[in-house]
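Heads up: the structure comes next, in structure tokens.
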Amino acid sequence: MMGMAENCKKLNSDVYKIVAHMFGRKDQLFYRNTISRYRISEIDYIQHCKDGKEMEKIYHVLLSGEEGVYPHLIEAAEERLRQLKPKSKWLRKTCPDLEGWVTNISRHNKELETRKNDETRSDTAVRIPKKLEDVPVRNREKRISSINYSAWDKYDPDTEILKMELAEEKEKMGVIEKQKRPKPKKSVSFNKYPTEAEAVYASNREKEKGNEFFKAGDYDEALQCYTNSISSKPCVNNLNNRAVTYLKLKQYELALEDCDRVLTIERDNVKAYTRKGEALEKLERYQEALDCAEFAVQKDPNNGVAQELAERVRKRCENKLTNTRMKIIEIE
Amino acid sequence: MVDLLQKPQIICHTQKSLDYAIHDVKWIPCSAKFIAVGGKSNGAGIVEIYALTGEGVEKRGEFCKKEHFKCATFDASSLRNRHLATGDFAGRLQVWDLEDNLVPIYKTTEHKAVINAIDGVSGAMSGCGAPEIVTGSRDGSVMVWDIRQKDTPVAKFLATEGTTGRDCWAVAFGNTYNNEERVVAAGYDNGDIKIFDLNTMKVRWSKCVKNGVVGLQFDRKNIPMNKLVATTLESKIHCFDVKTYHPKKGISVCNRKSTQFDNLDGQTLAPKPGDIYDDRRFRNSVPLEICYDGLINYPIRRVEKDADEIPYGVAGELTMLQNTVVSEQPVTSFDWCADKMGLSVCSSYDQSIRVLITTKLKYH
């Protein structure tokens, strides 16, 4: 142990510490060798390392902070590792916003904890216990055994067939009737949350539900979910999503309204501008649509939808312009 | 089509070894915390609370009780109380306040054997109907509880008289889209799946899938029932389209069988709210675990009409999104975090808990 401490002092090198950690400080001879191997300036060593695996180890040790924190080394190691082994698992940024999420959700958690309520409340009464009805068994009638001739004499195949057909018809009618019956309306209100956390939670869940309906193509259901979500807590995302749902349902005025609401919350939301442009295009207000689309393209030059929209609307505008110009030329 | 670049990755964020057998893990709604329930080697049951911090996980509290806890759920409690309902080896259903855990808020001893599965409804997740808990037990009974009613269940599904009940392995609530409608799906060790209608108290549908049903889940509890996913022994996933019922054709189904694993011991399933399911499969001799994300692709038309204008369902197909070995030992439980897409926690037989992050789920 003494020798190790001395060496440590002599070298006083960060890499030395890392190497010591890497090799577990077990073999004195191997240990000396490694020191001589790494008798170079640590940054230098990292920058000239050619072994991806070794670089991974160094980077891992540096990140763990067990040997001290050296930001400049971490930076250098990360850069070198990116060159040597771009696919290394240590470079994968798994969930960059996880910490932000933890702080945010913890704030909500705190609010819920301080306003804890042990009551179990529900508008619905406790279910009254009933007995389970028997499972309908298909062939409940007794089969006529093959040697029971007197019974077979009484058997009339035509009436039996008729009976079966009638039963089938009845079943069919039942199914069709069921289809015709109107769906019961949902009787829930979504705007009575005593805490902010609950409102946000409900809003997010409804939005997710809406997204699924939207993906599956059930726009009416999606609209209902987004509306619920907005009534719990309006935010940029659910308003934007409702706007696109309105577009799908060809209710352009309402889509326009939602886009404007987004833009009051977030002044330069590209999505809202694009959707507003689309709605305006459909409402044949081409000049305004062009303004929106151009703004979106300017903000996000790679936005394909906005580009196409801008092009489409520009043509429309030009057509109009040429038309008016023609009239002016006419005077000559 | 799953674009190669958009393929999700399953990454182990943190791992923590514990000193007891973990039977279930669940996220506490609206927080960065989760609970682990299980049993110690001396026979005591334990509930531990962990919090996710910047670096890893941190223990925030624990309490021990007499019997091993088998399963747990927060789904029947509101966001403001977040009570934990647990089922234990002695067949007791108990509801706990995590901060004041000396005595349970609610307790029943109706089940005679271990409660294998538990599910809740109308808590934080959905706004309609009474908050209820369903339990499935080895004694063959499935019972529905309302914590406002002491001692007796509000609904009971027993085996027909004269027969011994089959071991119930999985239960799930669904179809809770208004105050009246509600169904319970139950899966048994002989492969039976039954859907009980709580509104009319009838068996709405039943089917035998030949292998023991280890996991059952509706895609969402609070919509008219849409998809029911069942995982069984021998590594099979059955996805039923329960939206449309045809009097003759019944319910359409798409199955998928994993070919890599043949000798499976058990398997459980836990879906993300939505279309992506995770199941874990393990084999007996060489413990091996893979995480499996199945995505259901809807067919272009979900409902077709037959010659008599009666609609029947058209099942889609399942796509494997990703599989990853996260532990050398089989995984015993798994839970998606409802508040953060892609965040999940799982426990395995090597007595450790892992926080997993699945990336790029939003593209699917």
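The values are calculated or read from the model by the stated rules, or taken from the named source; none is laboratory data. Only a predicted model underlies this, so the values are computations on that prediction, with no experimental measurement involved. Every residue, glycine among them, receives a Cβ derived from its backbone with ideal geometry; neighbour counts consider all protein chains shown. Remember, those area values only see protein heavy atoms, side chains included, never the ligands or the DNA or RNA. Shrake-Rupley method; radii C 1.70, N 1.55, O 1.52, S 1.80 Å.
A few comments on the model shown:
- Assigned charges on the beta-carbon of Lys, Arg, Asp, Glu; the range A:234-329 dipole about Cα centre (debye): 320 debye
- Summing charges over neighbours of A:Leu263, with a neighbour being any other residue whose Cβ is under 12 Å away from its Cβ, gives 0 when K and R count +1 and D and E count -1.
- For the range A:234-329, average projected area of the Cα convex hull in nm²: 6.4 nm²
- A:Val270 accessible area, assembled protein chains, probe 1.4 Å, Å²: 40 Å²
- Ellipsoid semi-axes in whole angstrom, largest first, where each is sqrt(5λ) of the Cα gyration tensor of the range B:47-142: 23, 18, 12
- Span from the the range A:197-244 Cα centroid across to the the range B:121-174 one, whole angstrom: 31 Å
- Peptide B:8-19 is shielded by partner chain Cβ atoms: per residue, an average of 1 of them sit within 10 Å of its Cβ.
- Gain on full stretching of the segment that runs from A:Val126 to A:Asp158 - 0.36 nm per residue minus C-alpha separation: 6.4 nm
- Placing R0 at 45 angstrom, the Cβ-Cβ distance between B:Ala90 and A:Ser150 gives a FRET efficiency of 0.15 after rounding to 0.05.
- Each of the peptides A:230-240, A:256-266, B:9-19 was scored by the mean count of other Cβ atoms within 10 Å over its residues; in descending order, highest first, they stand as A:230-240, A:256-266, B:9-19.
- For peptide B:196-203, the mean count of partner chain Cβ atoms within 10 Å of a residue's Cβ comes to 3.
- Ordering B:41-53, B:345-357 by mean Cβ neighbour count within 10 Å, with the highest value first, yields B:345-357, B:41-53.
- Average partner coverage of B:75-81, which counts Cβ from other chains inside 10 Å: 6
- Leaving ligands and nucleic acids aside, the B/A contact buries around 5600 square angstrom of accessible area in total at a 1.4 Å probe radius.
- Relative pair counts by distance (%), Cα atoms of the range B:39-89, 5 Å bins: 5, 18, 19, 22, 20, 11, 3, 0
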